[in-house]
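Q: Following this message is one structure expressed as structure tokens.
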Amino acid sequence: MNIVIITILTLGILGTLAAVVLYFVAQKFKVIEDPRIDQVEEVLPAANCGGCGFPGCRAFAEAMVKSDDISSLNCPVGGAETMNAAASILGKEVAASDPMIAVVRCYGTCDNRPKTNNYDGAGSCAVSASLYGGDTGCSFGCLGEGDCVDACNFDAMEMDPKTGLPTINDNCVACGACVDACPKNIIELRKKGPKGRRIFVSCINEDKGGAAKKACSAACIGCKKCQKECPFEAITVENNLAYIDYSKCKLCRKCVSVCPTNAIHEINFPPKKVKPVAVKKPVAPVGDAPKTAAPKAEATKKENNPSVESKNKEE
């Protein structure tokens with residue numbers, strides 16, 4: 001009986017000592033968290049997509065609270081409204097940013113880029129890219145297995161069965177998940193543009209013109225016609241490939257019409273108006289009198305000289 005009591009007392013004393021030690025340790029190392037972190041987190045969209053560059057909305061809220069300058073921080077899902085709400089809580093100013101959207105920089109459709117072999121492996125772009133260059137003559141283009149679609153959490157992407165390429169709709173929040181999922185780096189975040197209008201080169205093939213055109217009829221061949229046509233110096237050509245800088249592009253569309261392979265795409269633009277062709281009237285050669293001039297002159301002569309007409313009748 002005494003052994004049981006002693007055991008209970010011993011355990012009780014040890015438990016009490018452990019609690020006291022834990023209490024002092026907790027007081028020593030406790031972290032007082034800024035209450036504004038919770039307030040900022042409440043206005044964030046709670047998507048936890050990582051598009052802001054942080055592992056979740058909580059980490060992004062902590063970064064906003066701890067940063068003296070939040071101009072470089074941005075929540076692509078919440079947009080300007082969310083950022084302004086968070087900035088007002090912190091009493092800071094946030095830089096205005098244009099809405100972004102993902103674009104697919106490949107137009108190697110089934111018609112434009114014929115297959116040279118058939119891939120019979122795991123349905124994953126990452127696996128396919130690690131094994132070989134692709135099942136067409138272009139080793140730069142889309143592999144068509146849909147890793148980007150699987151990575152999207154906003155129903156903004158789907159695979160088009162006719163073209164074999166992913167398509168992006170207006171649900172895109174520019175979180176960048178599809179960009180990270182694509183092993184070929186054909187997806188890019190670009191400025192959405194006024195009324196959703198944007199122009200970009202839908203090709204990343206860096207082969208020389210002849211080889212690129214042979215692999216895909218819609219490939220950029222690096223001819224530099226678009227670069228010469230652009231009045232805003234928004235187009236550069238490097239490694240046989242043209243690129244349009246959206247920060248300089250004024251959406252004039254001049255580059256689109258001069259591209260010989262239709263590698264430059266325009267989105268959400270109205271169709272261009274076709275100017276009517278002016279029909280030129282035939283001009284009579286100088287020195288030749290019109291055919292109707294003689295009868296007209298003769299009639300005038302008869303009117304002015306009625307005696308001539310009567311003379312003819314007498315004869």
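The values are calculated or read from the model by the stated rules, or taken from the named source; none is laboratory data. What you see is a predicted model, and the numbers here were worked out from it, not measured in a lab. Here the Cβ is made from the backbone with ideal geometry for all residues, glycine too, and neighbour counts use every protein chain on show.
Q: For Gly133, all conditions in the list (1) more than 14 Å from the chain's Cα centre (by Cα); (2) at pLDDT 95 or above hold save one; what is the number of the exception?
A: The number of the failed condition is (2).
Q: Follow-up question, since we're still on this one. On the given criteria, is Gly144 on the phi > 0 side of the Ramachandran plot and outside any helix (DSSP H, G or I)?
A: On the way: on the phi > 0 side of the Ramachandran plot: yes; outside any helix (DSSP H, G or I): yes.
Here the answer is yes, as Gly144 does meet what is asked.
Q: Any residue at all in the stretch 185-200 that's among the acidic types (Asp, Glu), farther than 25 Å from Ser130 by Cβ and not in a loop (DSSP other than H, G, I, E, B)?
A: no
Q: Can Gly222 be described as of a type outside the set (Asp, Glu), under 19 Å from Asn112 (Cα atoms) and at pLDDT below 95? Don't jump to the end; show me each part of the working.
A: On the way: of a type outside the set (Asp, Glu): yes; under 19 Å from Asn112 (Cα atoms): yes; at pLDDT below 95: no.
When the stated conditions are applied, Gly222 does not pass them.
Q: Yes or no: the stretch 124-132 includes at least one residue that is over 14 Å from Cys178 (Cβ atoms), part of a loop (DSSP other than H, G, I, E, B) and touching an Asp or Glu at 6+ places or on another chain (Cβ under 7 Å). Lay out the reasoning, then the answer.
A: Of the residues in the stretch 124-132, the ones over 14 Å from Cys178 (Cβ atoms) are 124, 127-132.
So of that shortlist, the ones also part of a loop (DSSP other than H, G, I, E, B) come out as 124, 132.
From the residues that got through so far, the ones that are touching an Asp or Glu at 6+ places or on another chain (Cβ under 7 Å) too are 124.
Within the stretch 124-132, one or more residues are over 14 Å from Cys178 (Cβ atoms), part of a loop (DSSP other than H, G, I, E, B) and touching an Asp or Glu at 6+ places or on another chain (Cβ under 7 Å).
Q: For the stretch 31-53, how many residues meet the condition of being assigned to a loop (DSSP other than H, G, I, E, B) and surrounded by 13 or more Cβ atoms within 10 Å (Cβ to Cβ)?
A: Let us first name the residues in the stretch 31-53 that are assigned to a loop (DSSP other than H, G, I, E, B), namely 31-35, 44-53.
Pick out the ones that are also surrounded by 13 or more Cβ atoms within 10 Å (Cβ to Cβ) and you get 34, 44-53.
Of the residues in the stretch 31-53, 11 are assigned to a loop (DSSP other than H, G, I, E, B) and surrounded by 13 or more Cβ atoms within 10 Å (Cβ to Cβ).
Q: Evaluate the following for Ala80: is it closer than 21 Å to Ile187 by Cβ and hydrophobic (A, V, I, L, M, F, W, C)? Write out each step before concluding.
A: Numbers: closer than 21 Å to Ile187 by Cβ: no; hydrophobic (A, V, I, L, M, F, W, C): yes.
For Ala80, the condition - closer than 21 Å to Ile187 by Cβ and hydrophobic (A, V, I, L, M, F, W, C) - is not met.
Q: One residue is enough: does the stretch 221-234 have a residue meeting the conditions touching a helix residue (DSSP H, G or I) at 6+ places or on another chain (Cβ under 8 Å) and closer than 26 Å to Ala129 by Cβ?
A: yes
Q: Filter the stretch 208-236 for residues that are touching a residue at least 60 places away in the same chain (Cβ under 8 Å) and either aromatic (Phe, Trp, Tyr) or in a loop (DSSP other than H, G, I, E, B) (or both) and give the result.
A: Across the stretch 208-236, the qualifying residues are Cys216, Ser217, Ala218, Ala219.
Q: While we're on this one: For the stretch 237-258, name all the residues that are out of contact with any Lys or Arg (no Cβ under 6 Å at 6 or more places or on another chain), assigned to a strand (DSSP E or B) and surrounded by 13 or more Cβ atoms within 10 Å (Cβ to Cβ).
A: Leu241, Ala242, Tyr243, Ile244, listed by residue number.
Q: Here is a further query. Check whether at least one residue in the stretch 95-105 is hydroxyl-bearing (Ser, Thr, Tyr) and either touching an Asp or Glu at 6+ places or on another chain (Cβ under 8 Å) or part of a helix (DSSP H, G or I) (or both), and report yes or no.
A: Here is the first cut: in the stretch 95-105, the residues hydroxyl-bearing (Ser, Thr, Tyr) are 97.
Of the ones still in play, those that are also either touching an Asp or Glu at 6+ places or on another chain (Cβ under 8 Å) or part of a helix (DSSP H, G or I) (or both) are none.
No, every residue in the stretch 95-105 fails to be hydroxyl-bearing (Ser, Thr, Tyr) and either touching an Asp or Glu at 6+ places or on another chain (Cβ under 8 Å) or part of a helix (DSSP H, G or I) (or both).
Q: Could you tell me whether Cys138 is in contact (Cβ under 8 Å) with a residue 40 or more places away in the chain, part of a loop (DSSP other than H, G, I, E, B) and farther than 25 Å from Lys192 by Cβ?
A: Considered against the rule, which asks whether it is in contact (Cβ under 8 Å) with a residue 40 or more places away in the chain, part of a loop (DSSP other than H, G, I, E, B) and farther than 25 Å from Lys192 by Cβ, Cys138 comes out as yes.
Q: Scan the stretch 125-138 residue by residue and report those that are of a type outside the set (A, V, I, L, M, F, W, C) and under 16 Å from Tyr107 (Cβ atoms). If you could, list the steps in order and put the result at the bottom.
A: The initial filter retains those residues of the stretch 125-138 that are of a type outside the set (A, V, I, L, M, F, W, C), namely 128, 130, 132-137.
Once the filter is applied, which keeps residues that are of a type outside the set (A, V, I, L, M, F, W, C) and under 16 Å from Tyr107 (Cβ atoms), the stretch 125-138 yields Gly134, Thr136, Gly137.
Q: Could you run through the stretch 54-112 and say how many residues are touching a residue at least 60 places away in the same chain (Cβ under 8 Å), crowded, with 17+ Cβ neighbours inside 10 Å and not β-branched (Val, Ile, Thr)?
A: 8
Q: Also, I was wondering about something else. Taking the conditions exactly as written (touching a residue at least 40 places away in the same chain (Cβ under 8 Å) and closer than 22 Å to His265 by Cβ), does Val179 satisfy them or not? Walk me through it before giving the result.
A: Details: touching a residue at least 40 places away in the same chain (Cβ under 8 Å): yes; closer than 22 Å to His265 by Cβ: yes.
Yes; evaluated as a whole, the condition is true for this residue.
Q: Oh, and also: Between a first residue in the stretch 12-37 that is without any contact (Cβ under 8 Å) to a residue 24 or more places away in the chain and a second residue that is surrounded by 10 or more Cβ atoms within 10 Å (Cβ to Cβ) and outside any loop (DSSP other than H, G, I, E, B), which pairs have beta carbons less than 9 Å apart while being 6 or more apart in sequence or on different chains?
A: Short answer, once both residue conditions are applied: Glu33/Glu62.
Q: Another question about this same structure. Across the stretch 1-30, what is the total count of residues that are assigned to a loop (DSSP other than H, G, I, E, B) and not hydrophobic (A, V, I, L, M, F, W, C)?
A: Step one: list which residues in the stretch 1-30 are assigned to a loop (DSSP other than H, G, I, E, B), which gives 1, 30.
Next, only the ones that are not hydrophobic (A, V, I, L, M, F, W, C) stay: 30.
Within the stretch 1-30, residues that are assigned to a loop (DSSP other than H, G, I, E, B) and not hydrophobic (A, V, I, L, M, F, W, C) number 1.
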